[in-house]
Amino acid sequence: MIEIRKPILVEKAVELVINHTFTGQSEIISIEACDGRRLAEPLIARNDVPSFNKSPYDGFALRSVDTLDASLDHPVQFEVIEHIGAGQVPKKKLEAGQATRIMTGAQIPDGADCVAMFEVCQSVETEEKPIIRLKRKMEKGQNIIELGSEVKEGEVLVEAGEKINPGVKALLATFGYDKVAVAKRPRVGIIATGTELLNVDEPLEPGKIRNSNAHMIASQVTRAGADYIYFGKLKDELETSYQTISEALKQVDVLITTGGVSVGDWDLLPDIYEKLGAEVLFNKLAMRPGSVTTVAVKENKLLFGLSGNPSACYVGFELFVHPIIQAALFNKRPFHKRVKAMMMDNFPKPNPFSRFVRSYISYEEDRLKVHLAGVDKSNVVTSLSSANALMILPGGTRGYKAGDMVNVLLLENDEGQAAFLPIVKE
């Protein structure tokens, strides 16, 4: 008997999946190896910055009280008692009428509370100690970068889950993090099903196709920040497929299969889920492409049964697997960022269900624009090469035309968002 499946809304399916987020793990790696990883712990300032009062200019460190009577008509004279550069520690405390010649970034000597730049000071030639004259009053704290004025010790600088970019790496170095706690990459298993599949290096045969899905999914897993284990391709044989999937589950955090989730004679995944004792969260979606996308849970591990059609497989991953990986990496914004963009092509197809159209984004004339990436059919693979976005066309709409504003999911944007927003007609 053919199973009658009832489709559920994409939003509901996303909620069911994200509720089964597994707890991410952390690991300690060197600062040299941390680029692009996500912090497992907040980055906390281990010291004040700056850690001493310092000069922002080349000039002379003074006591402001000694400049109270300074004016154009009444210059004040100072004896220069020391010369310090960046990285040097002052050895002499300033007393009344004394100054220290100081370079940018150098530590302010004891007794000083302001810095007069070279430009406002006049050097006086003497045979004894150097002398300078100043013709203006200086305020206490003037031209001094105070201890802790940028960052206080104990301050949270970057939250856990944020990606380590060059700026974050600079902070890690600044505060002495030679070892960094990062989110451990989840392990994602990949299995391609179908007797019709050939390896990439095999010549085409009648009735056969090369296995593109496994390689595509592996790349998507890597882009999402996880590691993958490819368990190979399976023929449409129930017992062999069951044994392979059962063993693979023991080695991974998440398992993805492609193909075999429909209700045809050779679609074995429903029977395998039943034999595994897995709970099926859903097996039919009100969406195109990928309506047969299926997700099940076995002992807190998620099994994603993605369509065998390349574009449907691709979309299913980005909607359901990507946020699970991001959540396991402690990312507080695990979903793809959604933006508004102007359509640049007509899309006359009616949309009985929500449709996710492979697209690419451009920014022209101060406006975000979205273009069709190619033919919009679930079995088409060529439209994926230039796709960096998914255009969202809500169900119940009769097609769109160039110039319409639509919602778009950005697939190659690290910003993300905290929730998957409802899909509604506007």
From the list Glu119, Glu139, Glu128, Glu162, exactly one residue is under 30 Å from Leu255 (Cβ atoms), of a type outside the set (A, V, I, L, M, F, W, C) and open to solvent by 40 Å² or more (accessible area, probe 1.4 Å). Which is it? Glu162
Kindly establish whether Ala173 is modelled with pLDDT of 95 or more, open to solvent by 20 Å² or more (accessible area, probe 1.4 Å) and at negative phi. yes
Restricted to segment 182-211 and to residues being acidic (Asp, Glu) and farther than 27 Å from Ile272 by Cα, the residue least open to solvent (accessible area, probe 1.4 Å) is Glu202
On the given criteria, is Lys91 touching an Asp or Glu at 6+ places or on another chain (Cβ under 7 Å) and either over 30 Å from Pro270 (Cβ atoms) or not in a loop (DSSP other than H, G, I, E, B) (or both)? yes
For segment 216-330, please list each of the helices (runs of 4 or more DSSP H) lying entirely inside it that holds at least 3 residues being open to solvent by 40 Å² or more (accessible area, probe 1.4 Å). 238-249, 269-276
Scan Ser359, Ser386 and give me the residue that is assigned to a loop (DSSP other than H, G, I, E, B) and not acidic (Asp, Glu). Ser386
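So how many residues does segment 112-161 have that are of a type in the set (Lys, Arg) and within 23 Å of Pro90 (Cα to Cα)? Step through it out loud before you land on a result.
Of all residues in segment 112-161, those of a type in the set (Lys, Arg) come to 129, 133, 135-137, 140, 152.
If we keep only those that are within 23 Å of Pro90 (Cα to Cα) too, we end up with 129, 133, 140.
The number of residues fulfilling the criteria is 3.
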Six or more apart or on different chains, Cβ atoms under 9 Å: show the pairs whose first residue is in segment 101-121 and more than 16 Å from Gly85 (Cα to Cα) and whose second is among the small types (Gly, Ala, Ser) and part of a strand (DSSP E or B). Gly111/Ala61; Asp113/Ala61; Cys114/Ala61; Glu119/Gly59; Val120/Gly59; Cys121/Gly59; Cys121/Ala99
By my count, strands (runs of 3 or more DSSP E) wholly in segment 1-88 with at least 1 residues that are of a type in the set (Gly, Ala, Ser) and under 36 Å from the mean Cα position of the chain (by Cα) are 26-30
Count, please, the residues in segment 260-289 that happen to be at pLDDT below 90, of a type outside the set (S, T, N, Q) and out of contact with any Leu (no Cβ under 8 Å at 6 or more places or on another chain). 7
Long-range neighbours under 9 Å by Cβ, at least six apart or interchain, first residue within 18 Å of Phe330 (Cβ to Cβ) and assigned to a loop (DSSP other than H, G, I, E, B) within segment 166-185, second open to solvent by 10 Å² or more (accessible area, probe 1.4 Å) and among the β-branched types (Val, Ile, Thr): Tyr177/Ile31
If only one of Arg355, Arg367, Arg398 is open to solvent by 10 Å² or more (accessible area, probe 1.4 Å) and in contact with an Asp or Glu (Cβ under 9 Å, 6 or more places away or on another chain), which one is it? Arg355
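The values are calculated or read from the model by the stated rules, or taken from the named source; none is laboratory data. It should be emphasised that the depicted structure is a prediction, and the values quoted were computed from it without experimental measurement. Heads up, the Cβs are rebuilt from the backbone with ideal geometry, glycines too, and the neighbour counts pull from every protein chain shown. Just the protein is used for accessible areas: all its heavy atoms, side chains included, with ligands, DNA and RNA removed. Shrake-Rupley method; radii C 1.70, N 1.55, O 1.52, S 1.80 Å.
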